[in-house]
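Enquirer: Dropping the structure in here first, questions after.
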């Protein structure tokens, strides 16, 4: 911006020098003055156009940055939510795994206890059966001895 005003000042200085030197030739002076005015007006117009384009570009860049930041924020939010859901599911899986382990252990202990009880009952029945067979064997022997005494 400072350079622009310096350039304009130099243009005006050159214009004054040219007007002064070519003052005797009014037509040539008028053409040169008009050319210098055209150059100055174009220079000012181009500077304004460049500034407006630069402002527009900066505004668009700011919009893009804002949109990128919004998308980044949403991605971070979704990532955090996803991580929280993973932790939640992992905790639930751990709870279920612990529950299943406890239930399996309880069922195993219950089955072991029942099998132990069944083995004890089978042993009792075996002893009773052995005692009954022994008693029956003694009775059969007594009957055989009586039969031998009677028939023998």
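The values are calculated or read from the model by the stated rules, or taken from the named source; none is laboratory data. All of these numbers come straight from a predicted model, not from anything done at the bench. Methodologically, a virtual Cβ is constructed for each residue, glycine included, from the backbone with ideal geometry; neighbour enumeration extends over all protein chains shown.
Enquirer: Any residue in region 47-62 that is under 30 Å from residue 17 (Cβ atoms) and in contact (Cβ under 8 Å) with a residue 12 or more places away in the chain? Break it down into steps so the answer makes sense when it comes.
Expert: If we filter region 47-62 for residues that are under 30 Å from residue 17 (Cβ atoms), which is where we start, we get 47-51.
Those still in the list that are in contact (Cβ under 8 Å) with a residue 12 or more places away in the chain too: 47.
Yes: region 47-62 contains one or more residues that are under 30 Å from residue 17 (Cβ atoms) and in contact (Cβ under 8 Å) with a residue 12 or more places away in the chain.
Enquirer: Sticking with this structure for a sec: Taking the condition part of a helix (DSSP H, G or I) and at pLDDT 95 or above, does residue 57 pass? Give the steps one after another, and end with the answer.
Expert: Values: part of a helix (DSSP H, G or I): yes; at pLDDT 95 or above: yes.
Yes, satisfied.
Enquirer: Out of curiosity, is residue 46 part of a helix (DSSP H, G or I), over 44 Å from the mean Cα position of the chain (by Cα) and under 30 Å from residue 7 (Cβ atoms)?
Expert: On the way: part of a helix (DSSP H, G or I): yes; over 44 Å from the mean Cα position of the chain (by Cα): yes; under 30 Å from residue 7 (Cβ atoms): yes.
So residue 46 passes the test.
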